[in-house]
Amino acid sequence: MTTSQEELLPGTRRALLHRVAVAQSEGRAPSLVAAVVRGGRIVWHGARTSVQGHGPDENVQYRIGSITKTFTAVLVLRLRDEGALDLGDPLEKHLPGTGVGEATVADLLAHTGGLAAESPAPWWERTPGSLRPELSDVLGEQPLLHPTGRRFHYSNPGYTVLGALVEKLRGAPWEEVLQREVLDPLGLDRTSARPKMPHAGGWAVQPWADVLLPEPTEDLGRMAPAGQLWSTAHDLARFAVFLAQGDDRVLSAETLREMRRPAAPVEAADVADGASYGLGLQIQHRDGRLLFGHSGSLPGFLANLTISVEDDVAAVVLANCTSGPLLSTVGSDLVRLVAVAEPRIPEPWRPLPEVDPVVLELAGPWYWGTHAFALRLTPDGGLSLEPLSGVGRRSRFRRNGDGTWTGLEGYYAGELLKAVRRPDGTVSYLDLGSFVFTRQPYGEEAPVPGGVDPDGWRGIGQTPKP
């Protein structure tokens with residue numbers, strides 16, 4: 001990935017530096033490094049440090065904690081795409097005897113499996129992984145705290161189980177599979193399970209005095225798929241581009257879109273925060289934008305990856321302290337600063353290279369009862385249905401090749417759209433999941449459920465025709 005510090009305006013660069021400087025100073029972080037991605041490359045990076053005359057750059061490793069979970073989720077989705085498993089498979093089908101076998105693969109990815117948040121004591125993040133050599137040591141005697149699939153409950157052991165699932169189906173250690181299937185293809189040369197020089201040291205900062213305590217750096221063993229990795233701002237920037245665009249050597253853009261869709265029931269507190277969870281990705285609505293990515297923490301380190309696909313902006317923020325700066329806020333602020341100061345310039349409008357007249361006939365206004373909609377052809381060969389009022393059900397549709405279309409999102413996700421034609425081949429009406437769409441409100445020739453009054457539309461003082 002190339003780096004260009006000249007692409008952003010000077011005022012934008014100063015605003016970004018100011019934001020990370022405030023985060024490092026007020027958060028009392030020994031060091032903080034950040035990078036911003038746009039157009040598939042780093043367009044800004046900056047750092048602040050407590051060590052005079054020395055600052056980390058985008059190639060210094062920090063521990064990234066739970067951002068590791070997104071890497072593990074990518075491995076699981078690769079297995080799904082290859083047909084080795086189904087997201088609806090109960091864990092018992094592939095890993096019998098764990099005690100959490102009712103939870104599905106999707107449940108574990110979305111933290112809805114009902115598993116405990118942590119493994120049994122002692123605190124796994126500050127103790128050697130050798131204390132938990134087996135999966136049973138990670139899960140404990142009562143691994144389930146909630147009914148499976150009923151609520152979101154963040155679970156580190158859940159991702160340990162997913163790592164074990166990868167190992168079982170690949171016949172190789174999680175770390176080896178990750179290197180071969182994700183890190184090498186994406187060129188993430190400075191992402192590793194163990195630190196490589198140059199790397200930051202992890203520190204705890206005393207809450208009431210400006211003094212430091214070194215944090216232990218433990219190998220997490222079985223818990224590695226939940227939080228083991230070290231990485232750099234540069235590598236995570238490259239990973240952000242992959243998560244936004246896809247890479248067919250690893251995962252397709254369509255699978256990445258699936259990962260970004262909410263997959264967990266939202267708790268009341270999460271509704272207030274505008275937050276939800278997909279398949280290995282955190283999702284949030286902030287400042288009017290839809291953001292996804294993941295945060296991470298381990299003793300001595302904080303990390304955040306935030307991406308806005310619509311704005312084509314991503315931010316990476318890393319710090320070497322146990323607590324202090326709220327990096328999820330910093331990350332979303334960096335995205336916002338660039339998106340507001342230098343909004344994305346849209347691609348030039350271009351006409352379609354070719355169009356099927358049979359499909360073109362579907363375009364235009366349609367009515368579901370008295371609700372007005374517009375059906376449009378999309379550049380990717382699909383269709384989009386949008387309410388003309390701007391409020392209501394909308395969806396994109398994928399062409400099936402047999403004259404029907406399948407909804408991709410919202411209320412109509414998975415629903416079938418088909419054009420019903422007259423004997424002469426022209427379109428009479430649209431059938432969308434049993435809803436009848438007509439060219440005029442309650443079109444008389446269409447089989448509108450309940451029928452249409454034969455006297456037609458009338459004013460308030462008119463009487464029906466004799």
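The values are calculated or read from the model by the stated rules, or taken from the named source; none is laboratory data. Quantities reported herein were computed from a predicted structural model and do not represent experimental measurements. Backbone-built Cβ (ideal geometry, glycine too); neighbour counts: all protein chains shown.
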| task | Scan (1) in contact (Cβ under 8 Å) with a residue 60 or more places away in the chain; (2) crowded, with 19+ Cβ neighbours inside 10 Å; (3) hydrophobic (A, V, I, L, M, F, W, C) for the single condition residue 188 breaks and write down its number. | result | (1)
| request: Determine, yes or no, whether residue 414 is modelled with pLDDT under 95 and either in a strand (DSSP E or B) or closer than 30 Å to residue 306 by Cα (or both). | output: yes
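What are the residues in region 119-150 that are in a loop (DSSP other than H, G, I, E, B) and loosely packed, with under 15 Cβ neighbours inside 10 Å, if any?
121, 122, 123, 128, 133, 134, 141, 142, 145, 147, 150
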| query | What tally of residues in region 247-263 results from selecting those that are among the polar types (S, T, N, Q) and surrounded by fewer than 16 Cβ atoms within 10 Å (Cβ to Cβ)? | reply | 1
| Given 19, 14, 28, 48, which one is of a type outside the set (A, V, I, L, M), in the same structural domain as residue 197 (by TED's automatic domain parsing), in a helix (DSSP H, G or I) and in contact (Cβ under 8 Å) with a residue 24 or more places away in the chain? | 19
| query | From the list 319, 244, 269, which residue is farther than 30 Å from residue 130 by Cα, of a type outside the set (Asp, Glu) and either surrounded by 24 or more Cβ atoms within 10 Å (Cβ to Cβ) or at pLDDT below 95 (or both)? | reply | 269
| field | Residues satisfying the stated conditions in region 58-82, i.e. among the acidic types (Asp, Glu) and either outside any loop (DSSP other than H, G, I, E, B) or free of Cβ contacts under 8 Å to residues at least 40 places away in the same chain (or both) | value | 81, 82
| Hey, among 377, 362, 337, 327, which residue is touching a residue at least 40 places away in the same chain (Cβ under 8 Å) and over 25 Å from the mean Cα position of the chain (by Cα)? | 362
| query | Only one of (1) in contact (Cβ under 8 Å) with a residue 24 or more places away in the chain; (2) over 24 Å from residue 184 (Cβ atoms) is not met by residue 206, so which one is it? | reply | (1)
| Residues of region 178-215 satisfying the condition of being in a loop (DSSP other than H, G, I, E, B) and under 20 Å from residue 324 (Cα atoms) | 200, 201, 202, 206, 207, 208, 209, 210, 211, 215
| query | In region 271-300, what residues are touching a Gly at 6+ places or on another chain (Cβ under 9 Å), hydrophobic (A, V, I, L, M, F, W, C) and under 24 Å from residue 337 (Cβ atoms)? | reply | 281, 283, 291, 292
| remark: Selection over region 295-312 where residues are touching a Leu at 6+ places or on another chain (Cβ under 8 Å) and within 23 Å of residue 344 (Cα to Cα) yields a count of 7
| query | Residues of region 216-233 being surrounded by 23 or more Cβ atoms within 10 Å (Cβ to Cβ) and assigned to a helix (DSSP H, G or I), which ones? | reply | 222, 223, 225, 226, 227, 233
| Tell me, which residue of region 416-448 that is crowded, with 17+ Cβ neighbours inside 10 Å and farther than 30 Å from residue 458 by Cβ is farthest from the chain's Cα centre (by Cα)? | 419
| note | The number of residues in region 30-47 that are surrounded by fewer than 20 Cβ atoms within 10 Å (Cβ to Cβ) and among the basic types (Lys, Arg) is 1
| message | Considering only residues that are surrounded by 19 or more Cβ atoms within 10 Å (Cβ to Cβ) and touching a Lys or Arg at 6+ places or on another chain (Cβ under 7 Å), which ones fall in region 393-415? | response | 405, 412
| Which of the following residues is free of Cβ contacts under 8 Å to residues at least 24 places away in the same chain and under 34 Å from the mean Cα position of the chain (by Cα): 451, 410, 456? | 410
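Here is a yes/no grid of residues against (1) aliphatic (A, V, I, L, M); (2) free of Cβ contacts under 8 Å to residues at least 60 places away in the same chain; (3) part of a strand (DSSP E or B); (4) at positive phi:
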{"site": "249", "(1), (2), (3), (4)": "no, no, no, no"}
{"site": "262", "(1), (2), (3), (4)": "no, yes, no, no"}
{"site": "279", "(1), (2), (3), (4)": "yes, no, no, no"}
{"site": "307", "(1), (2), (3), (4)": "yes, no, yes, no"}
